[in-house]
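The values are calculated or read from the model by the stated rules, or taken from the named source; none is laboratory data. Treat the numbers as computed from the prediction; the structure is a model and nothing was measured. Because the Cβ atoms are built from the backbone with ideal geometry, glycine has one as well, and the counts that use them run over all protein chains shown. Surface accessibility is based on the protein's heavy atoms, side chains included, excluding ligands, DNA and RNA. Shrake-Rupley method; radii C 1.70, N 1.55, O 1.52, S 1.80 Å.
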Amino acid sequence: MSAIEIAVLPVGGMGTRFLPATKSVAKELLPVVDRPLLQYAVDEARAAGIEQFVLITARGKASLADYFDVAGELVQTLAERGKTQELEVLAAAQLPPGAVMTVRQQQPLGLGHAVWCARNIVGRRPFAVLLPDELLWDPAAPCLKQMVEAHARLGGNLVATMEVPAEETHRYGIVSPGRSDGLITEVRGLVEKPAPGTAPSRLAVVGRYILEPEVMDELGKGRRGAGGEIQLTDAMAELIGRQPFHALTFTGKRFDCGDKSGHVIANVALALERPDIGPAVRAWLAANPA
Ligand code: UTP
C-alpha cells in the first residue's frame, strides 16, 4: 500500500456552468468519451496506490454514490447475452466493497469546507485531494502517482501546478515560488485568484493535492476567503513555514472540464487517442475545418 492511503473527492459543487444538464446530472458524472469524470479521478488515484475514497456529495447528488454500486441486473443481462467486453468494462471500473465512503456537505460553503467535511474519516493521516472536474491526463505518468512518489521523499504538503499564461493567473491559486529543482518547487506563499498583474509567478495550482492533517485544523477555524467561501488555498497557506510545502509541475495535459469549452476539448482530445473512434473523429475534423 502507498504511504497515502486515502483520497478525498469533493463533488458537492452546484455545477452552474453546465445548466440545464446539471439540474439532474451531477457535473462529475458527465462523460469524457465514455467514462464519467469521476471515474478518471478514481483511476488516477488507484494508479497512485490509493484504495480508500471519500466522496463529499451534496443535496441532489446521490447519483454519485450510486455510481459505485454493482449494477446487478445489468451484469446479469450482459452475462446472459454473452457481452464479455462490456462486462470487462464494468469490472475494470468497479471498486471493492467498503472502498467508497460518502459524506454530505450540507451547504456549498466552498472547496475548503468540502474537504473539512472529510475530517472524521481521514483522521490524522496525510491524504490526497482530487478535483474530478479537472482531468489531468498522462497515462504513462499519472499526476497523483508522481505526487505520491515525490511525497515519499519530501513529506509535508504538495500541490500539483502547471505554468499558465500571465493573462490567466487571476483565474487560479498561484504559487509564490522558492527554490526550484526541476519539476519540484518550494512553495513560499499561495495566493487565490490574484488581481491581474499581481501574481507572484505563473505556477497555477491544478486540482491535485497531498495534505497533512493539520490543514483540517486550519479549515476548522471557518475563516471565509475569496467569494465569502471557506478556501482550501487559505488553509494551506497557513501551513507554509510550519511544514515542508512543495509544488510538483505536471507536464501532461490538463482539461478544465468544469468549463464548457474545456469539456468539449477533452472529449475531442481523448477521442482522437482512441483506436476505436479516433479515425472517425479525425476524418470529421479534417472535412470540417473551422
Ligand atoms: P467549482 O469552483 O468548479 O464549483 O468547484 P462548482 O459549483 O462545481 O461549479 P460551477 O462553478 O457552479 O459551474 C471546484 C470543485 O470543488 C467542489 C466541486 O464539486 C468541484 O469538484 N466543490 C465546490 C464542493 O465540493 N463544494 C463546494 O462548496 C464548492
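All told, Gly189 falls short of being in contact (Cβ under 8 Å) with a residue 40 or more places away in the chain and open to solvent by 30 Å² or more (accessible area, probe 1.4 Å). In the stretch 49-71, which residue that is out of contact with any strand residue (DSSP E or B) (no Cβ under 7 Å at 6 or more places or on another chain) and open to solvent by less than 40 Å² (accessible area, probe 1.4 Å) is nearest to Gln146 (Cα to Cα)? Looking at residues that are out of contact with any strand residue (DSSP E or B) (no Cβ under 7 Å at 6 or more places or on another chain) and open to solvent by less than 40 Å² (accessible area, probe 1.4 Å), I get Gly49. Listed by first and then second residue, the pairs with beta-carbon distance under 6 Å, at least 6 apart or on different chains, first residue in the stretch 232-244 and touching a residue at least 12 places away in the same chain (Cβ under 8 Å), second surrounded by fewer than 20 Cβ atoms within 10 Å (Cβ to Cβ) and in a loop (DSSP other than H, G, I, E, B), are Asp234/Gly225; Gln243/Gly156; Pro244/Gly155; Pro244/Gly156.
Looking only at the stretch 137-152, decide whether some residue is of a type outside the set (Phe, Trp, Tyr) and within 16 Å of the ligand (Cβ to nearest atom).
yes
Scanning the stretch 9-26 for residues that are open to solvent by 90 Å² or more (accessible area, probe 1.4 Å) and in contact (Cβ under 8 Å) with a residue 60 or more places away in the chain yields Met14, Arg17.
Just checking, does the stretch 57-77 include any residue being within 18 Å of the chain's Cα centre (by Cα), in a loop (DSSP other than H, G, I, E, B), within 24 Å of Gln231 (Cβ to Cβ) and within 16 Å of the ligand (Cβ to nearest atom)? Yes, some residue in the stretch 57-77 is within 18 Å of the chain's Cα centre (by Cα), in a loop (DSSP other than H, G, I, E, B), within 24 Å of Gln231 (Cβ to Cβ) and within 16 Å of the ligand (Cβ to nearest atom). The single residue among Ile210, Ile277 that is away from the ligand (no atom under 14 Å from the Cβ) and within 20 Å of Ala128 (Cα to Cα) turns out to be Ile210. Entry remark, the stretch 1-34: residues being in contact with a helix residue (DSSP H, G or I) (Cβ under 8 Å, 6 or more places away or on another chain), more than 12 Å from the ligand (Cβ to nearest atom) and of a type in the set (A, V, I, L, M, F, W, C) number 7 in total. Out of the stretch 213-222, which residues are away from the ligand (no atom under 15 Å from the Cβ) and either crowded, with 22+ Cβ neighbours inside 10 Å or over 18 Å from Gly110 (Cα atoms) (or both)? Passing the criteria: Pro213, Glu214, Val215.
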